[in-house]
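What follows is one structure encoded as structure tokens, with my remarks underneath.
The values are calculated or read from the model by the stated rules, or taken from the named source; none is laboratory data. A quick note: this is a predicted structure, and the numbers were derived from the prediction, not measured. Using ideal geometry, Cβ is built from the backbone for each residue, glycine included, and neighbour counts are taken over all protein chains shown. Surface areas here come from the heavy atoms of the whole protein model, side chains and all, with no ligands, DNA or RNA. Shrake-Rupley method; radii C 1.70, N 1.55, O 1.52, S 1.80 Å.
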Amino acid sequence: MSEKEDLAKQKAEAAAKAKAAALAKKQAKEEEAAEKPEGEIDIAKQKAEAAAKAKAAALAKKQAKEAAEKPEGEMMDIAKQKAAAAAKAKAAALAKKQAKEAVEKPEGEMDIAKQKAAAAAKAKAAALARKQAKEEAGEKPEGEIDAVKQKAAAAAKAKAAAAAKAKAAAAAKNRTAVQESEEADTPSEISPNQSKLDQIVSAIESHVGQGALLENYINRLSKDVPTLVANPDTYFSIAKFLRYDEQLDFSYLSELHGTDFESHMEIYVHLHSFKMNQSVALKVKLDRDTPVIPSLVPLWSGANWPECEAYDLLGINFYEHPDLKRILLGEDWKGYPLRKDYEPYDVEV
């Protein structure tokens, strides 16, 4: 018989003896509880012990016999199972101990421990992300990285340009809607300036011609200013009449500016008559591709710089202007910045 088989027999005998002793104690305790006379109790104890010993010896013999019959592999499995059971019991005891210690810790210490664990996890994740980014960057040649950056920059610029274009289109649409609302039919309530508008229109049609004005209306959104929309061919003639007619005498030009409505260009002129104590707006719509109109400088010297500004920023040409030039941008500047479709010549500027 090998040493392993002897060891198995010894373990089996020891286990049987321990079991028999436990059984004997149990039986003795039960007999004591039955309140037997002392002599009978001793006899019962002796019998119980003898029976337990006989049973333990029989069990030990049986286990030894079974152990001797088992192959070496099964003996090893049993040993492994016992070792695993012992390890589990040890782990359970350790977990129980740690749980007990955790319960005994104050709440503040528990929070600090949680914070430390969370911070450690975050630091580990950040380090892993940095490592991955570094590895990805290290895998690409320097030239490829530059190309990727350039592509990203170009895509960002294209996206910004598209957004600006869409925004400009939306703004133009809103302005057109506002203009249409301004030029809508006169409300039921008559404006206090309606009689003056009628007087001005009647005078223009009498002296310049019936088709001189394309339309006229009271601009409710601009302090009820009487507004005249001139035909491009009669724009200068109407302006001259407003300036020099003795009854009207619009001697002061307070404003002149141009606007790009995408469908057309427009010149807006604001005039005031001290004799009538009344203001009037004169407008004219121009072809967007070739915006050309007579200069009003011969009538009002105050139109000089505003017309130069409209030329500089919108490209509107005022012929017979005494010195039409760019006053904000250089003469070699490409394009007109206030046009809705303007794209900078140098995209980096």
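Observations
- A residue that is more than 40 Å from the chain's Cα centre (by Cα), open to solvent by 50 Å² or more (accessible area, probe 1.4 Å) and at pLDDT 90 or above can be found somewhere in region 325-339.
- The set of residues in region 210-219 being farther than 13 Å from L197 by Cα and open to solvent by 20 Å² or more (accessible area, probe 1.4 Å) consists of Q210, G211, L214.
- Subset tally (residues that are touching a strand residue (DSSP E or B) at 6+ places or on another chain (Cβ under 6 Å), under 18 Å from L299 (Cα atoms) and crowded, with 17+ Cβ neighbours inside 10 Å) for region 221-238: 5
- Residue match in region 34-44 (condition: modelled with pLDDT of 75 or more and either surrounded by 13 or more Cβ atoms within 10 Å (Cβ to Cβ) or aromatic (F, W, Y) (or both)): no
- Within the option set E246, E189, being open to solvent by 30 Å² or more (accessible area, probe 1.4 Å), out of contact with any Leu (no Cβ under 7 Å at 6 or more places or on another chain) and more than 19 Å from N277 (Cβ to Cβ) holds for one residue only, E189.
- Residue in region 259-269 that is least open to solvent (accessible area, probe 1.4 Å), counting only those that are part of a loop (DSSP other than H, G, I, E, B) and either hydroxyl-bearing (S, T, Y) or in contact with a Ser or Thr (Cβ under 7 Å, 6 or more places away or on another chain) (or both): F261
- Among the criteria (1) within 18 Å of S295 (Cα to Cα); (2) assigned to a loop (DSSP other than H, G, I, E, B); (3) free of Cβ contacts under 8 Å to residues at least 40 places away in the same chain; (4) not small (G, A, S), the one E246 does not fulfil is (1).
- Taking every residue in region 219-241 that is touching a residue at least 12 places away in the same chain (Cβ under 8 Å) and pairing it with any residue that is open to solvent by 40 Å² or more (accessible area, probe 1.4 Å) and of a type in the set (G, A, S), at least 6 positions away or on another chain, the pairs with Cβ-Cβ distances below 7 Å are N231/G211.
- Candidates in region 273-289 are the residues that are touching a strand residue (DSSP E or B) at 6+ places or on another chain (Cβ under 8 Å) and surrounded by fewer than 16 Cβ atoms within 10 Å (Cβ to Cβ); of these, the one that is farthest from E215 (Cα to Cα) is F274.
- Test: residue in region 250-258 that is more than 44 Å from the chain's Cα centre (by Cα), over 15 Å from N317 (Cα atoms) and crowded, with 18+ Cβ neighbours inside 10 Å: yes
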